[in-house]
1. Got a sec? Which helices (runs of 4 or more DSSP H) wholly within region A:169-277 have at least 3 residues that are more than 23 Å from A:Pro158 (Cβ to Cβ) and more than 14 Å from every other protein chain (Cβ to nearest Cβ)?
2. Out of all the residues in region A:61-77, which are in a loop (DSSP other than H, G, I, E, B), more than 16 Å from the ligand (Cβ to nearest atom) and touching a residue at least 40 places away in the same chain (Cβ under 8 Å)?
3. In region B:76-110, what residues are under 16 Å from B:Asn28 (Cβ atoms), among the hydrophobic types (A, V, I, L, M, F, W, C) and facing chain A (nearest Cβ under 10 Å)?
4. I need the helices (runs of 4 or more DSSP H) fully contained in region B:1-75, keeping only those with at least 1 residues that are within 12 Å of chain A (Cβ to nearest Cβ).
5. If A:Tyr80 satisfies every condition in (1) modelled with pLDDT under 95; (2) part of a strand (DSSP E or B); (3) hydroxyl-bearing (Ser, Thr, Tyr) but one, which is the exception?
6. Would you be able to say whether some residue in region A:48-60 is more than 20 Å from A:Arg90 (Cα to Cα), of a type in the set (Lys, Arg) and either assigned to a helix (DSSP H, G or I) or away from the ligand (no atom under 15 Å from the Cβ) (or both)?
7. Out of A:Asp51, A:Asp115, A:Asp94, A:Asp98, which single residue is under 23 Å from A:Cys165 (Cα atoms), under 18 Å from the mean Cα position of the chain (by Cα) and acidic (Asp, Glu)?
Amino acid sequence: MGKIVAGIGSSHVPSIGRAYDQKKQADPAWQPLFDGYEPVKRWLAEEVKADVVILVYNDHGTEFFLDCYPTFALGVADSYAVADEGYGKRPLPDFPGDAAFSEHLANHLVADEFDLTLCQEMALDHGFLTAMPLLWDHDDTAWPVKVVPLLVNVIQHPLPTGQRCYKLGEAIRRAVEAYPEDTRVAVVGTGGLSHQLNGERFGHINEEWDKQWLQRIQDAPRELAALSHKEVMTAAGAEGGEVIMWFVMRGAMTERVEEVHRFYYAPMTTGIGLLALNNSD
Amino acid sequence: MPDTQERWGIPGTYVFDLALSRQGYAINKMCNSLKFDENREAFKADEEAYMERYGLSEEQKQAIRERDWLRLTQLGGNLFFFLKLGATLGYGLYTIGAQMRGESYEQFMSTRNVPGAT
Ligand SMILES: [Fe+2]
């Protein structure tokens, strides 16, 4: 039987990828970040030992264009390419998919009334890529886990509501638990925390709000999910609105969760949050 | 800028909703094409012809001529797409952001917690 064995919330920021590729682990500006992810990487490798990762992300004008924009899109392939975001392709191996598991998810989620766009090809940009090498070790050719990318529209309003994302997470848990194979599944919700990349308010961050988020997503996730996009964006910035992707992860976890690790760092234009959760029910 | 922006009412913020997206579609479609090297070369060789080919309005063309990123945002340009235009012209994210705030690059950097983390 499938089982959800970890829930991770993690920001995605292009500069983190550049710092990783340029091996800035010991650079004073970046060391706190890499150190902050290390305990979670160890926990995932030594205790969680996931077979598959469902990673919830958004594309940033890389693979999907506005001519035809899905609200939710699920990868159903056996491999996924690393995208070139215009500065050359990052030196990361392409990702192995799990088409059989994806197919199960697609069947189950659509039957559960989540009408997903299904993708046979998806090149993955920093929305997907940022967290992966910080959470799982890789070599030049391989990753230790298979992946299922799940894209959410957080670019063009109307966005799905926080509650819809939360319910999608709940449906994912039902689907995983109905999977006949013994498969250990980690769910990663990416994005946020506070940041804004447009207008006179470019660079807006809200550290206080971010720190509360890291607590309340554990204790009061339904209250958070009931906030309107306007309320979230007013506090956390226009692009901070993408935090709704964390609700997919949270909805896939049990009602009560146990915090394994928490980290926060706001060096430049994004409040970078990391949260590792265990099911406690 | 479409009236729908008023319903968001967030100061200094342009919410990329469907109305703004429709208004800026030509900008974003043109910018999206700049992910290919041959298109970047074509744009640099003749900006006016390239903008004409994508049907930008005169206001939109003028914002691009002036490298006015705030105006481009107000006219429906989406940063994730016009970053490709920025890359073609040599404008990075923080340069664009500082300009939208009405600051120099140095002023903007001095407002950051750890300006070395770029
Ligand atoms: Fe994002």
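The values are calculated or read from the model by the stated rules, or taken from the named source; none is laboratory data. The structure displayed is predicted, hence computed values, not measured ones. Methodologically, a virtual Cβ is constructed for each residue, glycine included, from the backbone with ideal geometry; neighbour enumeration extends over all protein chains shown.
1. Details: elements: A:207-219, A:221-225, A:229-236, A:245-252.
The helices (runs of 4 or more DSSP H) meeting that bar are A:207-219.
2. Those that are in a loop (DSSP other than H, G, I, E, B), more than 16 Å from the ligand (Cβ to nearest atom) and touching a residue at least 40 places away in the same chain (Cβ under 8 Å): A:Val76, A:Ala77.
3. B:Leu79, B:Phe80, B:Phe81, B:Phe82, B:Leu83, B:Ala87, B:Ile96
4. Numbers: elements: B:5-8, B:18-23, B:25-33, B:37-45, B:47-53, B:58-65, B:69-74.
Filter on region B:1-75 gives B:5-8, B:18-23, B:25-33, B:37-45, B:69-74.
5. If we test A:Tyr80 against (1) modelled with pLDDT under 95; (2) part of a strand (DSSP E or B); (3) hydroxyl-bearing (Ser, Thr, Tyr), just (1) comes out false.
6. Yes, region A:48-60 contains a residue that is more than 20 Å from A:Arg90 (Cα to Cα), of a type in the set (Lys, Arg) and either assigned to a helix (DSSP H, G or I) or away from the ligand (no atom under 15 Å from the Cβ) (or both).
7. Numbers: A:Asp51 fails: under 23 Å from A:Cys165 (Cα atoms); A:Asp115 fails: under 18 Å from the mean Cα position of the chain (by Cα); A:Asp94 fails: under 23 Å from A:Cys165 (Cα atoms).
Residue meeting the stated conditions: A:Asp98.
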